[in-house]
Number of protein chains: 2
Amino acid sequence: MIEWFEDLSLGMRFKSETVQISEDDIKQFAAEFDPQPFHLDDEAAQGTIFKGLAASGWHTAALAMRLAVQTRPFGPHPLIGLGVDGLRWMLPVRPNDILHLEGEVVSLTLSRTKPQGTVLVKWTLSS
Amino acid sequence: MIEWFEDLSLGMRFKSETVQISEDDIKQFAAEFDPQPFHLDDEAAQGTIFKGLAASGWHTAALAMRLAVQTRPFGPHPLIGLGVDGLRWMLPVRPNDILHLEGEVVSLTLSRTKPQGTVLVKWTLSS
């Protein structure tokens with residue numbers, strides 16, 4: 001159980017529960033945030049680079065956040081992001097894909113002024 | 001009007017319409033993707049680092065995507081992200097904030113094999 005910053009260590013790994021994404025989820029998110037044919041309509045998506053309906057990359061990022069929050073990598077402490085580097089969308093996420101998230105602690109920086117720290121985690125979402 | 005890759009140029013700028021984010025929007029997105037007190041409940045948020053309800057960073061990223069899609073920076077061509085670097089959440093987004101997105105073309109790389117290219121755009125979402 002993680003309670004203090006010192007309870008974290010380099011190389012520590014987290015593994016989330018799974019989440020299944022439905023065709024309706026994909027279309028609803030896209031209609032609100034990323035209204036492009038390959039995220040909205042399976043037929044229209046066939047003729048695109050995705051060759052079929054694919055989730056918005058921001059939808060998959062948001063699902064990764066949900067899985068990260070559920071994983072409670074910092075125990076009772078919140079998960080507050082300062083930023084993200086090296087985000088890459090490697091493969092399309094399709095209707096009914098079952099996804100999970102894995103994390104690995106890459107660096108730990110203790111605050112010089114407050115009883116807290118910054119943790120760099122490499123997160124990987126995959127099916 | 002952008003029609004061909006050659007119509008883009010370094011330093012070209014895009015400016016989006018505006019979008020207003022409501023307290024309900026913030027809570028709904030958070031309930032689905034980032035269920036932490038400072039995104040869900042104004043009273044609970046007062047005692048946190050945010051000192052009041054703030055939108056999930058992934059919600060603001062998704063809104064930026066919507067504004068980018070509406071802006072049609074590549075004319076009739078789709079906006080397909082390969083990835084993101086240097087994403088930083090600088091300030092909390094609050095209920096009723098009115099946001100807009102600005103973009104600047106930072107680099108242009110023509111494909112060596114296909115009639116297409118990769119555009120690096122620096123996007124800034126602000127109120």
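The values are calculated or read from the model by the stated rules, or taken from the named source; none is laboratory data. In this text the structure is predicted, and so the values were computed from the model without any measurement. Ideal geometry is used to build each Cβ from the backbone, glycine not excepted, and the neighbour counts take in all protein chains shown.
Here are the numbers:
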| quantity | calculated |
| --- | --- |
| Qualifying positions in segment B:96-109 - charged (D, E, K, R) and either exposed (fewer than 11 other Cβ atoms within 10 Å of the Cβ) or outside any strand (DSSP E or B) (or both) | B:ASP97 |
| Members of segment B:110-124 found to be assigned to a strand (DSSP E or B) and touching a Phe, Trp or Tyr at 6+ places or on another chain (Cβ under 7 Å), listed by number | B:LEU110, B:GLY117 |
| Top-ranked residue of segment A:2-16 - restricted to ones that are within 22 Å of the chain's Cα centre (by Cα) and closer than 16 Å to A:THR71 by Cβ, ranked as surrounded by the most Cβ atoms within 10 Å (Cβ to Cβ) | A:SER16 |
| Residue match in segment B:85-99 (condition: on the phi > 0 side of the Ramachandran plot and within 14 Å of chain A (Cβ to nearest Cβ)) | yes |
| Selection count where residues are in a loop (DSSP other than H, G, I, E, B) and either under 17 Å from B:PHE33 (Cα atoms) or of a type outside the set (D, E, K, R) (or both), scope segment A:1-24 | 10 |
| Candidates B:VAL106, B:VAL19, filtered to the one that is farther than 30 Å from A:THR71 by Cα, at pLDDT 95 or above and within 11 Å of chain A (Cβ to nearest Cβ) | B:VAL19 |
| Filter result (surrounded by fewer than 11 Cβ atoms within 10 Å (Cβ to Cβ) and in contact with a strand residue (DSSP E or B) (Cβ under 6 Å, 6 or more places away or on another chain)) within segment A:110-127 | A:SER111 |
| Segment B:30-67, residues that are outside any helix (DSSP H, G or I), over 22 Å from A:PRO35 (Cβ atoms) and touching an Asp or Glu at 6+ places or on another chain (Cβ under 8 Å) | B:GLY52, B:LEU53 |
| Selection within segment B:19-28 - closer than 20 Å to A:LEU63 by Cβ and in contact with an Asp or Glu (Cβ under 9 Å, 6 or more places away or on another chain) | B:LYS27 |
| Count of segment B:43-82 residues which are facing chain A (nearest Cβ under 8 Å) and among the basic types (Lys, Arg) | 1 |
| Check on B:LYS27, away from chain A (no Cβ under 14 Å) and not in a strand (DSSP E or B) | yes |
| When residues of segment B:109-127 are limited to those that are away from every other protein chain (no Cβ under 13 Å) and under 23 Å from B:ILE21 (Cβ atoms), the one nearest to the chain's Cα centre (by Cα) | B:THR124 |
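Results for (1) surrounded by fewer than 22 Cβ atoms within 10 Å (Cβ to Cβ); (2) of a type outside the set (A, V, I, L, M), shown as yes or no for each residue.
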site: A:THR18; (1), (2): yes, yes
site: A:SER22; (1), (2): yes, yes
site: A:PHE29; (1), (2): no, yes
site: A:GLU43; (1), (2): yes, yes
site: A:LEU67; (1), (2): no, no
site: A:GLN70; (1), (2): yes, yes
site: A:PHE74; (1), (2): yes, yes
